[in-house]
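The block underneath contains the structure these notes are about, expressed in C-alpha cells.
What follows is calculated from the coordinates using simple rules that are stated; it is not laboratory data. Everything quoted here is computed from the prediction, not taken from an experiment. Because the Cβ atoms are built from the backbone with ideal geometry, glycine has one as well, and the counts that use them run over all protein chains shown.
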Amino acid sequence: MRSSLGRRGPSAVLITHLPNVRWLCGFSGSAGSLLVSSRDAVFFSDFRYRSQVRREVRAARFVEYTGGAVEVIAAAVRHARVARLGFEADRMTVASHTDLAGALRGAELVPLRGVVEDLRATKDAGEVALIRRALSIAGNALASSTRRLAGATERDVAARLQMAIRREGGDEESFPTIVASGPRAALPHGLPTNKLIGGGELVVIDYGVRYKGYCCDLTRSYSPMKWDKKSKKIYRVVLEAQRAALAAVHPGAKASDVDAAARDIIEHAGYGKFFGHGTGHGVGLEVHEKPTISPRSGDILDPGMIFTVEPGIYLENFGGVRIEDMVLVTKRGKENLSHRVPKLLDR
C-alpha cells in the first residue's frame, strides 16, 4: 500500500474499517484507526485497549486519545505535513468525514476505494491455515448437529450448531445461521423459526465459523428422510452447476466465467430465473469480501484467493437447494477446502 502513496495520490491514508486495521497492524479490538504514510504508521485508540495494543499491534506507533479521536488524528496529520489525506470512501460515514474535514483545516481529503481490500483478497499461508481450521470446526459442528432433523424446529438446529461451534473450538458464528425448511427453503436468507422440520422436506443450512478472526461459510441442503423426485432433480442440477463452476477455477480465470459456468447449467435445465444471486464471494476476515463471483464481476482470480462457490435454485411455495463450498486458487489450479464436509447426494 505504501508504494502507491505520493504518486499523484494522497501522501497518507487513514484506515478506519476495523478488518482492514486488523489486517495491516494486528489490532483485533473494536475501536481503533491507523494512519499510514510513506515513512510511518500511527495507531490510535483509547485507554481501554492500552494492554491489548502492546500485545497485538505491530509496526505502528501507538497514540492514545481521551474522548474523541478526530482532533488527535488531525494533529498527527498536521505533524506529518500531509497535504492530501486518503480515506476509505466506502467505509467512512458522512458525519465522520465532516468532523475530520473540519479538524484538518485545509488538508484535502481524497476518497479511496478498496485500497486495503484489494490486498486482502490474496491470502498468505497463515491466513489459509486459519481458514482451514475454521472449516474443520464447521464440518465437525455440522456433523453433530444434523443427526436428527425431522421433528426438530429450525431454531433447534441453529442452536445446536451454535453450541457445537464453540464446543469444537470456534470463537463464534461468522454470521447468523440460516436454517430454512419446506417452502421456507426457497428463501435464500431464511433465518430460523419455530417451524418443525418435516421428514420429506428440503432443508437448507447456511452457516459459518469465525476462528482467530478468520471466517468460513458453508451451505448444505438436506432432505431428512426420503427425497421426492422434484427435490432430487433440483439438487442434482445445483450439484452439477457447482461442479462446473469449480472446474472453471484456475489462476487467471475471470470471476464472471466461473459464475457463467454454474449459471449455464441451471439455465439449460430450465431453472435460470430461480437463481438470482451471484455464484460466490471472497471470505477472510470478513464473510463477504473480494473477489466477487458474479456476472458483472471484473475480478481476475489469482493464487491465494479464497472464495465460495454456491449456486442455488429457489422455487416459491416448494423449497430450494443451495450447495456451497470454499475454494482456494493455487499456482496450478485450485483446491476445494471444504470437500471433506459431506454432501447428502454425491451424484
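Worth a mention:
- Stokes-Einstein translational diffusion, the chain - Kirkwood Rh over all Cα pairs, 1.306 mPa s, 10 °C, in µm²/s: 73
- Above-threshold pairs, the threshold being 28 Å between Cα atoms, out of Lys233/Lys331; Lys232/Lys273; Lys273/Lys343; Lys229/Lys334: Lys233/Lys331; Lys229/Lys334
- Here the alpha carbons of the stretch 2-120 define both size measures, Rg and Dmax, at 13.2, 38 Å.
- Inter-label distance, Ala95 to Phe62: 2.8 nm, where each label sits 7 Å from its Cα along the C-beta direction.
- Cα convex hull of the stretch 136-190, projected area averaged across orientations, nm²: 3.8
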